[in-house]
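Enquirer: Before we start, here is the structure in question, set down as structure tokens.
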Amino acid sequence: MKKSGKFHRWSLEEDDLADLSPAKARDLIIKCFYESQKETFLSARRQLGVRSSDEDIHASVVAGVQLAFRETGGDFEHPTREGLMKVVDVLAKKSSSWGTPPDIIQHHICQIRKIVDRLQELEKTEIK
């Protein structure tokens, strides 16, 4: 994909962490990736002459995340904390190859790390 020049910073809200589960964490990663890369996907779809509604862009983002799960051997439908971090690594590398600035990528990795850290805290609580 070609660099579009517009990158948005998605920030996690405390409310996003309510009732957190691995599946909800996966959905937050999709939200993060959508917000940060929608202009990139929009630009690529325009170059291909493909329809580009918000729903179309979101579907492309979900497909990209599903592909990242397949590439890492993870299960999109039943994600694990470890699998989510592997997916985030793949998405960060793809974003970099598309021209996303390192500071934008790092910001989003930090946001996702907060989610994964909370999952880890919840896992420790459940084990006790």
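The values are calculated or read from the model by the stated rules, or taken from the named source; none is laboratory data. Source: prediction; values computed, not measured. Here the Cβ positions follow ideal geometry from the backbone for every residue, glycine too, while neighbour counts run over all protein chains shown.
Enquirer: Would a scan of the stretch 95-110 turn up a residue that is surrounded by 17 or more Cβ atoms within 10 Å (Cβ to Cβ), of a type in the set (Gly, Ala, Ser) and under 24 Å from PHE41 (Cα atoms)?
Expert: Yes - at least one qualifying residue is present in the stretch 95-110.
Enquirer: Going by the structure shown, is GLU14 within 17 Å of ILE112 (Cβ to Cβ) and either without any contact (Cβ under 8 Å) to a residue 24 or more places away in the chain or over 18 Å from the mean Cα position of the chain (by Cα) (or both)? Can you show your working first?
Expert: Details: within 17 Å of ILE112 (Cβ to Cβ): yes; either without any contact (Cβ under 8 Å) to a residue 24 or more places away in the chain or over 18 Å from the mean Cα position of the chain (by Cα) (or both): yes.
Answer is yes for this residue.
Enquirer: Further, regarding this structure: Do we find that GLU71 is touching a helix residue (DSSP H, G or I) at 6+ places or on another chain (Cβ under 9 Å), of a type in the set (Asp, Glu) and touching a residue at least 24 places away in the same chain (Cβ under 8 Å) in this structure?
Expert: no
Enquirer: Hey, another quick one. State yes or no: is ALA44 over 11 Å from the mean Cα position of the chain (by Cα) and part of a helix (DSSP H, G or I)? Give the derivation first.
Expert: Working: over 11 Å from the mean Cα position of the chain (by Cα): yes; part of a helix (DSSP H, G or I): yes.
In short, yes.
Enquirer: Just need a number here: residues in the stretch 59-87 that are charged (D, E, K, R) and within 12 Å of ALA25 (Cβ to Cβ). Explain how you work it out, then say what you get.
Expert: In the first step, residues of the stretch 59-87 are kept if they are charged (D, E, K, R); the result is 70-71, 75, 77, 81-82, 86.
In the following step, the residues that additionally are within 12 Å of ALA25 (Cβ to Cβ) were identified as 81-82.
Qualifying residue count for the region: 2.
Enquirer: Can you name the number of the only condition in (1) assigned to a helix (DSSP H, G or I); (2) over 26 Å from LYS6 (Cβ atoms) that GLY74 fails?
Expert: Checking GLY74 against (1) assigned to a helix (DSSP H, G or I); (2) over 26 Å from LYS6 (Cβ atoms), the one that fails is (1).
Enquirer: Based on what the data block shows, is LEU67 more than 18 Å from HIS8 (Cβ to Cβ), surrounded by 14 or more Cβ atoms within 10 Å (Cβ to Cβ), out of contact with any Pro (no Cβ under 7 Å at 6 or more places or on another chain) and not acidic (Asp, Glu)? Can you show your working first?
Expert: On the way: more than 18 Å from HIS8 (Cβ to Cβ): yes; surrounded by 14 or more Cβ atoms within 10 Å (Cβ to Cβ): yes; out of contact with any Pro (no Cβ under 7 Å at 6 or more places or on another chain): yes; not acidic (Asp, Glu): yes.
Spelling it out, LEU67 is indeed more than 18 Å from HIS8 (Cβ to Cβ), surrounded by 14 or more Cβ atoms within 10 Å (Cβ to Cβ), out of contact with any Pro (no Cβ under 7 Å at 6 or more places or on another chain) and not acidic (Asp, Glu).
Enquirer: Additional query: Of the residues ALA68, ALA25, ALA59, only one is part of a helix (DSSP H, G or I) and modelled with pLDDT under 95; which?
Expert: Values: ALA68 fails: modelled with pLDDT under 95; ALA25 fails: modelled with pLDDT under 95.
None of the other options fit; the residue is ALA59.
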